[in-house]
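Participant: Before I ask anything, let me first share the structure, which is written out below as structure tokens.
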Amino acid sequence: MPDRIFPKAHPRSQLSGYRYAAGKTAADEAPRRAGGHIMRGKVPLRVRILDALSTEPDWDSITPDQIIELREAQNRKRVSAIGRLATGKPDRGARITTHALDLPGRRLDVRVYQPERGGSELPLIVAFHGGGFIGGAPDQDDWLLSHLAAHCPAVVASVDYRLAPEHPVPAQVQDASDAVLRLVELAPVWEADPTRIALLGASAGATLAALTAIGADELGLPVRSQVLINPQLDWTGRVFEYPSFTENAAAPTATPANCRAVQRIALPESFDARAISPLQFGNLAGLAPALIQAAGLDPLEDQAPAYADRLRQAGVEVTLTRYPEAVHAFLSMPGLVPAARPARAEILAHLRSHLLERSGTPTR
């Protein structure tokens, strides 16, 4: 079960920065040893089994060409029968289609989820998949997004944005903002209401959701909610300084070596990473209400309470929930991580509360 958490000022130690609900204490979540390494909790058994059977690439020496080969192999594995056991089955109450999205100078695919029962003037949820800007694809989130479409109900559009190394940062950020604007224009095609928008993203996709929420006022987007799942919100060198990066170094997903490779491959040498780091932005006032879900076994975990703290200081409504036995990318592997189900239920409840009231005042 999740722990609702309410961070104090940005903590030097993750454990000292939380109050614990539901009978939990800091001692209950104290770092534990896993395989000779300190961890903040126990990795789910199925994740440990899969990790033992998998072969990690040498992230510190991997080349751009090898990244492309690895991505293609991961895409094939994900759609295999075994892969679907991890990623879960789409909700039967939703239909899934893929469409071309024409943007200035380029064309992207968008994966659209609509409730089978239909409906008009449904809210529009724009989603961005994870993968460190070097991998991943919209279909990895079928289990989550089809459920949201069927049960919110809503039209959910997941953007297949460009990836590095072929397209280094900030191509992904430009794709996100341009795609949302185009999807708002196309909303009537899918019987969606362009005045009720939510942004959702996991990991690097949460970067895109958060940045689009920050720019919503300038873009003229009526964003009512942002959902950030195990988010990466700091792309500067500080990403390696958060306590969770050390304490969860033995995590089977988003390993330190993987994080270093992502920085090296996705970011051009001359690029100022502060430009895509929501945690480094000065003014966060007026943003849409946020649901932030932190994974307790994620090297990136501490970025979640740090950003929640910044948003609260700016007067933004925030719900921050910690799932102690969740690894990075846990909502893309519900067959392996039990915490995915309560996290999905929380996301659905949050979106329903912010999107279904037609007369609600949109927030930036």
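The values are calculated or read from the model by the stated rules, or taken from the named source; none is laboratory data. Owing to the predicted nature of the structure, the values given are computational and were not obtained by experimental measurement. Cβ coordinates were reconstructed from backbone atoms using ideal geometry, including for glycine residues, and neighbour counts include every protein chain displayed. Accessible surface areas use protein heavy atoms only, side chains included; no ligands, DNA or RNA. Shrake-Rupley method; radii C 1.70, N 1.55, O 1.52, S 1.80 Å.
Participant: What is the percent of Cα-Cα separations in the range 53-212 that go past 20 Å?
Facilitator: On the way: 6464 of 12720 pairs.
So the pairs more than 20 Å apart make up 51 percent of the total in the range 53-212.
Participant: DSSP loop (so not H, G, I, E, B), at most 15 other Cβ within 10 Å: list which GluC sites (Glu not before Pro) in the range 303-348 pass both filters.
Facilitator: Numbers: sites: 317, 325, 346; in loops: 317, 325.
Sparse-neighbourhood loop GluC sites (Glu not before Pro): 317.
Participant: Mean Kyte-Doolittle hydropathy of -1.0 or higher plus an axial Cα length of 20 Å or more: which whole DSSP H helices in the chain meet both?
Facilitator: Values: long enough: 64-78 (21 Å, -1.69); 171-186 (22 Å, 0.41); 340-355 (22 Å, -0.17).
Long hydrophobic helices here: 171-186, 340-355.
Participant: Another question, if that's okay. I'd like the GluC sites (Glu not before Pro) in the range 223-292 restricted to DSSP loop residues with at most 12 other Cβ atoms within 10 Å, sorted by number. Please report the intermediate quantities before stating the final value.
Facilitator: Details: sites: 241, 247, 269; in loops: 241, 269.
Sites meeting the loop and neighbour criteria: 241, 269.
Participant: Could I ask something else about it? Based on the mean of other Cβ atoms within 10 Å per residue, sort peptides 333-345, 185-197, 80-92 so the most packed one is first.
Facilitator: Values: 333-345: 19.8, 185-197: 17.7, 80-92: 15.1.
Most protected by this proxy first, the peptides run 333-345, 185-197, 80-92.
Participant: Taking a quarter of the surface of the Cα convex hull of the chain, what do you get in nm²?
Facilitator: Values: hull surface 67.3 nm².
Computing the convex hull of the Cα atoms and averaging its projections yields 16.8 nm².
Participant: To the nearest 500 deg cm²/dmol, what mean residue ellipticity at 222 nm is calculated for the chain from DSSP H runs of n ≥ 4 alone, each contributing -39,500 (n - 2.57), summed and divided by the residues? Walk me through the numbers before you get to the answer.
Facilitator: Working: 11 runs with 115 residues, N = 364.
Helices in the chain give a 222 nm mean residue ellipticity of -9500 deg cm²/dmol.
Participant: Using a probe of 1.4 angstrom, how much of the accessible area of the chain is carbon and sulfur, in percent? Walk me through the intermediate numbers first.
Facilitator: On the way: 7960 of 15020 Å².
Reported share for carbon and sulfur atoms: 53 percent.
Participant: Return one whole number: the accessible area per residue of the chain in Å², for a 1.4 Å probe. Walk me through the numbers on the way to the answer.
Facilitator: Values: 15020 Å² over 364 residues.
For the chain, the solvent-accessible area averages 41 Å² per residue.
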